Amino acid sequence: MDTATQPPEVRAVWIRQLNDLLRIYGIGGDIILTRGVCNKGDDFIAQAFRAVADYDAFTEGNDPHGEHDFGDLTLDGESVFFKIDYYDRKKEYGSEDPADPEKTCRVMTILLAEEY
């Protein structure tokens, strides 16, 4: 099925499901931790992965398209963001169709807010 021809609300559901697979289970893309997150140590990293997976504070303000592609949280007094971006399969350009996993490589970055 050509996902590009589907209505935006259907595409948003597919994108959200694919993003949740990456965010919650680490399936369907790459996960990058910034230097700032890595410098906080293994316990902080483990907490960050768990907090991102458990994140459910999506709102119109941080998730206007309903794709679950961004979140902000606090860990040990540090403001942390996660952001999912969509690239073509070679990771050279943006994906032409983020709803199609055959055409898209998802990359989730977990970063300290101060690194944004």
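The values are calculated or read from the model by the stated rules, or taken from the named source; none is laboratory data. On a predicted model such as this, the values are computed, not experimentally measured, just so you know. Cβ placement follows ideal geometry from the backbone for every residue including glycine, while neighbour counts extend to all protein chains displayed. Note: accessible area is taken over every heavy atom of the protein model, side chains too, but ligands, DNA and RNA are not part of it. Shrake-Rupley method; radii C 1.70, N 1.55, O 1.52, S 1.80 Å.
Restricting region 25-113 to trypsin sites (Lys or Arg not before Pro) that sit in a DSSP loop and have at most 12 other Cβ atoms within 10 Å of their own Cβ leaves 89, 90, 91. When the helix-only estimate is applied to the chain (DSSP H runs of n ≥ 4, each -39,500 (n - 2.57), divided by the residue count), what is the mean residue ellipticity at 222 nm, nearest 500 deg cm²/dmol? So the helix-based figure for the chain works out to -7500 deg cm²/dmol. With coordinates expressed along the principal axes, the C-alpha atoms belonging to the chain extend over 44, 31, 23 Å, beginning with the largest. Sorting the Cα pairs of region 67-106 by distance into bins of 10 Å, from 0 upward, gives 30, 37, 22, 12 percent per bin. Computed over neighbours whose Cβ is under 9 Å from that of residue 70, the net charge equals -3, Lys and Arg +1, Asp and Glu -1. How tilted is helix 8-20 with respect to the longest principal axis of the chain? Cα atoms for both, answer in degrees (0 to 90, nearest 10). Taking the Cα atoms of the chain, the angle to 8-20 is about 40 degrees. Once the other residues with Cβ under 11 Å from the Cβ of residue 3 are scored (Lys, Arg +1; Asp, Glu -1), what is the net sum? It works out to a net charge of -3.
Using r as the Cβ-Cβ distance of residue 13 and residue 45, and R0 as 35 Å, what FRET efficiency do you calculate, to the nearest 0.05? It comes to 0.70. For region 18-78, applying the loop criterion from DSSP together with a ceiling of 14 other beta carbons within 10 Å to the GluC sites (Glu not before Pro) yields 60. Bridges between two residues of the chain, per DSSP, are antiparallel at a rate of about 75%. Helix 42-54 and the longest principal axis of the Cα set of the chain meet at an angle near 40°.
Computed with every protein chain present, the accessible area of residue 3 is close to 10 Å² [probe 1.4 Å]. The accessible-area ordering, largest first, of the residues 16, 11 stands as 16, 11, per a 1.4 angstrom probe.
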